[in-house]
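For reference, the structure discussed in these notes is given below.
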Amino acid sequence: GISENPFEADRVPPPPKDPGRKRPTQMIEFDRVLEIINVPNTESPKGRRDRAILALLFGGGLRRSELVALRIGDVRKTSSGTAFLYLRHTKAKRDAEQALPSWAAEPLWDLIRERKQGGAGDGDYLFVGFTGRAGATMTSRPMSDTAVYLLFKRCCMAAGAGVFATPHSAR
């Protein structure tokens, strides 16, 4: 007969707590955050978009998927003037609202004003891609979350925030 039960709790090793995880998310010091947000050159529409993206990642603690799904009309203000985001595509599969600190909202309102002056409506994607020579031509398509990842990495490297910083570090 069988002398012991192989399924007894003390015989089976517990599953790894974080299977497949390579390294812990790198933290970014707060003074470095503003340096990173100010890396993009705001002389161009693309640079102003990039600055607003970085401000939102840090100020709103958004996931890349939540960021690229934002529409212009998803950025709102409370009666007291606090900016907040209406998030439709959260990981929890339900809608959520996320308040923004004023330092993160400012570049966002600037971008929205610019987009609306260019004819964009509330239903249009907030962060669209650019194409053509030096990425100078705005498209109507949303940015990919890979593009957000690459932008974040580039700006973190430029600000000296380390090679292991990822958009999740902003959360």
If every Lys and Arg gets +1 and every Asp and Glu gets -1 at its Cβ, then about the Cα centre the range 36-171 yields a dipole, in debye to the nearest 20, of 280
From the helices alone, meaning DSSP H stretches of at least four residues, give me the mean residue ellipticity at 222 nm for the chain, per-run term -39500 (n - 2.57), in deg cm²/dmol to the nearest 500. -11000 deg cm²/dmol
Return an integer: the convex hull volume of the alpha-carbon atoms of the chain, in Å³ per residue. 185
Between GLY123, VAL148, GLY61, whose Cα lies farthest towards the positive end of the dipole of the chain when Lys and Arg beta carbons carry +1 and Asp and Glu beta carbons carry -1, centred on the Cα centre? GLY123
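Computed from the coordinates by the stated procedures, all read-outs in this text should not be read as laboratory data. Small disclaimer: the values here were computed from a predicted structure and weren't measured. As a convention, Cβ positions derive from the backbone with ideal geometry for all residues, glycine included, and neighbour counts pool all protein chains shown.
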